[in-house]
Amino acid sequence: MISIDGLTVEFGGSALFSNISFVINEKDRIALMGKNGAGKSTLLKILAGVREPTRGKVSAPKDTVIAYLPQHLMTEDGRTVFEETAQAFAHLHEMEAEIAAINKELETRTDYDSESYYELIERVSTLSEKFYSIEEINYDADIEKTLLGLGFKREDFNRQTSEFSGGWRMRIELAKLLLKKPDVLLLDEPTNHLDIESIQWLEDFLIDNGQAVVVISHDRAFVDRITTRTIEVTMGRIYDYKVNYSQYLQLRKERREQQQKAFDEQQKFIAETKEFIERFKGTYSKTLQVQSRVKMLEKLEILEVDEEDTSALRLKFPPSPRSGSYPVIIEGVSKSYGEHTVFRNANLTIERGDKIAFVGKNGEGKSTLVKCIMKEIEHEGMLTIGHNVMIGYFAQNQASLLDENLTVFQTIDDVAQGDIRNKIKDLLGAFMFGGENSAKKVKVLSGGERTRLAMIKLLLEPVNLLILDEPTNHLDMKTKDILKQALLDFDGTLIVVSHDRDFLDSLVTKVYEFGNQKVTEHLEGIYEFMQRKKMENLRELERGN
């Protein structure tokens, strides 16, 4: 359906990737994988037509509809949520108008044998076939269903888009794309601004609707569930696997082992050949053999091993100072803003060593309760912080508290103590600050980079209660694995607000669900909770019929 031929992208003389070719077929659901900076987002932009390659081309049938959701965007203001979402159908109105205009022109023309007349006939036939093949849709019902699926409430439909945060505006864009029913959907980190229920809805939508999807995502559970093919971008080339992410990891491991073996054998051969040349280069009887081996070495193509796997880095928290038995006790806590009640009468007892998740739809009070614990906002009811509790807090705004005049390295060097001091460069590399990036000043970092740096800083401070609010949004899979292992080893108490199911799996043993102004305790892991929730949702659907 879409053919990618000999694609090359160069920056200042060096190639991001060169001469890559592949085909996106109908109904393919492809994960684009590779480390940050490998060129995944650039490739997606080229497929979307918003960026030109240095060489090569992307070709698709004339009327192929390609829809692209970038990582960062802003919806135009001036419309309600519903009106903005309805823009998805603007192309159908344009198509209808073009069919009418061509038909009108055909009525007045008499040059029936001319080439341009035939072209018009062909154009109107193609357009009409496409237009009338689109089943009669109840646009309003489709818009409503999609917006509700992505977490909006009915009362949001008539609110102005300008009233919503960036994450919610991203959902409006996603709703527009899905409603266009494109042939190919290009999604760059679509789950970053979605809660667990909306991610599950999106998964079902992408699987059931049958269009081709190309997705970049660091949400392993999402990628595993929706994709059937994995294209890895690495060291300027691609590897194409006809399997989902988990199977691809296994195949990639085998591929790298084979590469390493071939590389080691070649290096051994080169060393032996050089030794032969050195030993016999002055020996008359061996002159021809020496010359032929010199030429052979000159022509030899040196094998490469794809990027090193640094997952062996194990990040250890400093030992936690011992806290009291109950770091946080919450009794009858309620929070309202004016008439709007976020939650009421919340009761939680968090024991030392607990690892718990706060989950639920956005806007139901997860971050609000965290702010109550941090004493950032007032509340009703009793909230007691236990004896000797030292809190390490990570929220998206932690990034703004960094000293802008320090470099990345200095920021971490200032807080690192003990053995980890010898591994600061490895640690920075694992969080995507390798090489020259560690010398960058904080003031020139992007929002995502600052967030990652704030995370590393937090991990090095001795605390016994860690509160992490959406910690994985700017981390790639390898970095998330390093962070998750560190949290599993952490001997203190952990509260994590997250929609990343794979990250929470096996990390937390208790789930607090926020919804309908209540906070409900579930003594189970995230997958047991989700399986039961899906059952409950199905029962609710049956009751609604």
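For L406 and E378, compute 0.36 nm times the residue count separating them, minus their Cα-Cα distance, and round to one decimal in nm.
Details: separation 28, 0.36 × 28 = 10.08 nm, distance 3.40 nm.
Stretched out fully, the L406 to E378 stretch lengthens by 6.7 nm.
Convex hull over the alpha-carbon atoms of segment 389-491: what's its volume per residue in Å³? Can you show the working numbers first?
Numbers: hull volume 10.2 nm³, N = 103.
In segment 389-491, the Cα hull volume divided by residue count equals 99 Å³.
Grab the DSSP H runs of the chain that are 4 residues or longer, score each as -39,500 (n - 2.57), total them, divide by all residues and round the 222 nm result to the nearest 500 deg cm²/dmol. Present the calculation step by step, with values, prior to reporting the outcome.
On the way: 17 runs with 218 residues, N = 545.
Roughly -12500 deg cm²/dmol at 222 nm, from the helical runs in the chain.
Calculate the spin-label point distance for Q267 paired with S506, positioning each point 7 Å from the Cα along the beta-carbon direction, and give it in nanometres.
If labels sit at S506 and Q267, their model points lie 3.1 nm apart.
Between R159 and N422, take the C-beta separation as r, use R0 = 56 Å, and let me know the FRET efficiency to the nearest 0.05.
Working: r = 53 Å, r/R0 = 0.96.
Working from the Cβ atoms, E equals 0.55.
Based only on the alpha carbon positions, what is the Kirkwood hydrodynamic radius of segment 47-200, in angstrom?
On the way: mean 1/r = 0.0555 Å⁻¹.
Taking the inverse mean of 1/r over all distinct Cα pairs, segment 47-200 comes out at 18.0 Å.
Roll a 1.4 Å probe over the protein heavy atoms and report the accessible area of E254 in Å², nearest 10.
80 Å²
Enumerate the calculated ³J(HN,Hα) couplings along segment 99-106 in order (Karplus 6.51 cos²θ - 1.76 cosθ + 1.60, θ = phi - 60°), each rounded to whole Hz, writing x wherever the residue is Gly or Pro.
4, 4, 5, 5, 4, 5, 5, 5
Quick one: if you stick a label point 7 Å off each Cα along the C-beta vector at M1 and N516, how many nm between them?
3.9 nm
How high is the relative contact order of segment 59-218, in percent, with contacts defined as C-alpha pairs under 8 Å that are six or more residues apart? Walk me through the intermediate numbers first.
Values: 164 pairs, mean separation 64.3, N = 160.
Dividing the mean separation by the residue count of segment 59-218 yields 40 percent.
Between D208 and R532, what's the calculated FRET efficiency when r is the beta-carbon distance and R0 is 22 Å? Round to 0.05.
Numbers: r = 22 Å, r/R0 = 1.02.
Result of the calculation: an efficiency of 0.45.
What's the ranking of 475-486, 512-523, 354-365, 99-110 by average number of surrounding C-beta atoms within 10 Å, highest first?
On the way: 475-486: 19.3, 512-523: 16.3, 354-365: 21.8, 99-110: 11.2.
Top to bottom by mean Cβ count within 10 Å: 354-365, 475-486, 512-523, 99-110.
Run the numbers for S59 and Y112: contour at 0.36 nm per residue of separation, minus the present Cα-Cα distance, in nm. Walk me through the intermediate numbers first.
Numbers: separation 53, 0.36 × 53 = 19.08 nm, distance 3.23 nm.
That pair, S59 and Y112, stretches by 15.9 nm at full extension.
Using Cα pairs closer than 8 Å and at least 6 residues apart in sequence, work out the relative contact order for the chain, in percent.
Working: 867 pairs, mean separation 79.9, N = 545.
Relative contact order of the chain: 15 percent.
Suppose the chain between D140 and L127 were pulled fully straight at 0.36 nm per residue; how much longer would it get relative to their current alpha carbon spacing? Before the final figure, lay out each step's value.
On the way: separation 13, 0.36 × 13 = 4.68 nm, distance 2.37 nm.
Result: 2.3 nm gained on full extension.
Could you compute how much accessible surface V444 exposes when probed at 1.4 Å, giving the result in Å² to the nearest 10?
Near enough 100 Å² of accessible area.
What's the center-to-center distance, using Cα atoms, between segment 265-297 and segment 363-441 in Å?
Between the Cα centres of segment 265-297 and segment 363-441 lies a distance of 57 Å.
Would you mind getting me the FRET efficiency between Q258 and E26? Use the beta-carbon distance for r and R0 = 41 Å, nearest 0.05. Provide the component values of the computation, followed by the final result.
On the way: r = 33 Å, r/R0 = 0.79.
Computed FRET efficiency for Q258 and E26 comes out at 0.80.
Compute from the Cα atoms of segment 89-153 the Rg and the Dmax, the latter being the longest Cα-Cα distance, and quote both in angstrom.
Taking only Cα atoms of segment 89-153, I get Rg and Dmax of 17.2, 57 Å.
The values are calculated or read from the model by the stated rules, or taken from the named source; none is laboratory data. The structure presented is a predicted model; accordingly, all values stated were derived computationally and were not measured. Methodologically, a virtual Cβ is constructed for each residue, glycine included, from the backbone with ideal geometry; neighbour enumeration extends over all protein chains shown. Ligands, DNA and RNA are excluded from the accessible area calculation, which covers all protein heavy atoms including side chains. Shrake-Rupley method; radii C 1.70, N 1.55, O 1.52, S 1.80 Å.
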